[in-house]
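Visitor: Sharing a structure with you now.
We did not get these values from a lab; they are worked out from the coordinates using the rules stated. Everything quoted here is computed from the prediction, not taken from an experiment. Cβ atoms come from the backbone with ideal geometry, glycine included; neighbour counts cover every protein chain shown.
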Amino acid sequence: MTWHIVGAGSLGSLWAARLARNGLPVHLLLRDRVRLKAYEDAGGLTLVEQGKAHQYPIPAELPSHPGPISRLLVACKAYDAEAAVQPLLQRLAPGAELILLQNGLGSQNAVALRLPHARCVLASSTEGAFREADFRVVFAGHGFTWLGDPLQPAAPGWLADLEQAGIPHGWTPDILSRLWRKLALNCAINPLTVLHDCRNGGLAEHPAEVGVLCAELSELLQRCGQPDAAEGLHDEVLRVIQATAANYSSMYQDVANGRRTEISYLLGHACATATRHRLRLPHLESLHERLKAHLHQRGLPVT
Ligand code: NAP
């Protein structure tokens, strides 16, 4: 069965190249004729691994191309996912499955609401990749991808394709807990690195601020039925700050490069969930406001 992939960016290309080079059929879905022409001119997707570049001439098409889609990997940013899936709805075959690679929470639900008859598998990945140029992606950090479906605990048969492609992965019945935990880690670290203009390690100089955020995030996780995601959060945040001290967070890099952030699906989602549960989390709310003001000042979207 063909892997259709919408979002031929960093992670989408990383998946596409590994699937295609291991003999699995892959089709890329590009947003419009301009992007399709640019892709054709490039001659395919290039993946750079350990300094070596390989090009994969994976077929690409427009969303309007005829033909059913049974398996769709959605590899756009969270703020683009719903709009990217929209033009593909009428192509989805009965029983189609989607794999949603978006970071944070909120976009997965928005997509799933449009697809009451399709299965949506959620993913949480620690793999790292970045775009060096159009359709040229660098595999920057090995990692692992957790997959799961909160509505259906049985693992899908296509995990064998990931095995064949050498994509490190695991199936979990608790994907929401993993996504919440990652969201909480992100909320405790990334916005502060932007506001303090520092690497992750710089947060070691702001222990009280980090501590109070972890306490509020733990309260939120408890309240929204994710106690496992709250367990030992503060300790893990401190470990991550130490282990990744020399790194700039993904949000820091987005802001530094004038790129839109996924704020609405991270800190924004945490604050919106707290409000829905009538929970007052003053430090988290103030962090959200300060971050929005910072983005606004730099002409970046605040959602
Ligand atoms: P990215 O490099 O910006 O790639 C996103 C791709 O989506 C772009 O190629 C973009 O197309 C495409 N796209 C957007 N709207 C589209 C549409 N309507 N139709 C077709 N294509 C569309 O993003 P990424 O870094 O791979 O991130 C994807 C998700 O994975 C994010 O939620 C991110 O947080 C998460 N994630 C990323 C990494 C990483 O290392 N990169 C690691 C873990 C998690 P154009 O090229 O035309 O703009």
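Visitor: For segment 157-228, what relative contact order do you get, as a whole percent, if you take Cα pairs closer than 8 Å and at least 6 residues apart?
Guide: Taking the mean separation of contacting Cα pairs over the length of segment 157-228, I get 28 percent.
Visitor: Taking a ≥ b ≥ c as the square roots of the Cα gyration tensor eigenvalues, with a/c under 1.5 meaning rounded and otherwise prolate when a/b beats b/c, else oblate, which class fits segment 105-235? Please list the in-between numbers first.
Guide: Values: a/c = 2.10, a/b = 1.31, b/c = 1.59.
It comes out oblate by the Cα gyration axes.
Visitor: How far is helix 207-223 tilted off the main Cα axis of the chain, in degrees rounded to 10, range 0 to 90?
Guide: Helix 207-223 sits roughly 70 degrees off the main axis of the chain.
Visitor: Just want to confirm a number: the relative contact order over the chain, from Cα pairs under 8 angstrom separated by 6+ residues, in percent.
Guide: 15 percent
Visitor: Report the net charge of residues surrounding residue 283, where surrounding means a beta-carbon distance below 9 angstrom and charges are Lys +1, Arg +1, Asp -1, Glu -1. Write down the numbers at each step before the final one.
Guide: Numbers: positive: none; negative: 209, 216, 285.
Net local charge, residue 283 excluded: -3.
Visitor: Going by average Cβ neighbours within 10 Å, how do the peptides 101-109, 237-245 rank, with the highest at the top?
Guide: Numbers: 101-109: 22.2, 237-245: 15.7.
For the peptides 101-109, 237-245, the packing ranking is 101-109, 237-245.
Visitor: Of the listed peptides 210-219, 36-45, what is their order by residue-averaged count of other C-beta atoms within 10 Å, with the highest listed first? All intermediate terms of the calculation are to be shown ahead of the outcome.
Guide: On the way: 210-219: 20.4, 36-45: 15.0.
Output ranking for 210-219, 36-45: 210-219, 36-45.
Visitor: What residues qualify as long-range amide H neighbours of residue 199, i.e. H under 5 Å apart, gap of 5 or more or another chain, H built at 1.01 Å from N?
Guide: none
Visitor: Please give the length that would be gained between residue 110 and residue 52 if that part of the chain were fully extended, namely 0.36 nm times their separation in residues minus their C-alpha to C-alpha distance (nm, one decimal).
Guide: Numbers: separation 58, 0.36 × 58 = 20.88 nm, distance 3.82 nm.
Going from the current span to full extension adds 17.1 nm.
Visitor: While we're looking at this one, here's another question. How far is the Cα center of segment 242-282 from the Cα center of segment 119-134, in Å?
Guide: Rounded to whole Å, the Cα centres lie 18 Å apart.
Visitor: Two-decimal Rg/Rh of the chain from alpha-carbon positions, Kirkwood Rh? Let's see the in-between values first.
Guide: Details: Rg = 19.4 Å, Rh = 20.1 Å.
Result for the chain is an Rg/Rh of 0.96.
Visitor: Highest first, please rank the peptides 59-70, 220-231 by the mean number of other Cβ atoms sitting within 10 Å of their residues.
Guide: Values: 59-70: 14.6, 220-231: 17.8.
Order by mean packing, descending: 220-231, 59-70.
Visitor: Calculate, axis by axis, the spread of Cα positions in segment 170-303 along the three principal axes, and write the results as whole Å, longest axis first.
Guide: 37, 33, 32
Visitor: Antiparallel DSSP bridges in the chain: what percent, to the nearest 5? Walk me through the numbers before you get to the answer.
Guide: Numbers: 14 of 38 bridges.
Beta bridges within the chain, antiparallel portion: roughly 35 percent.
Visitor: Continuing with this model, one more query. Per-residue ellipticity at 222 nm for the chain, helices alone: DSSP H runs ≥ 4 residues times -39500 (n - 2.57), over residue total, nearest 500 deg cm²/dmol?
Guide: On the way: 12 runs with 131 residues, N = 303.
Result for the chain: -13000 deg cm²/dmol, rounded to the nearest 500.
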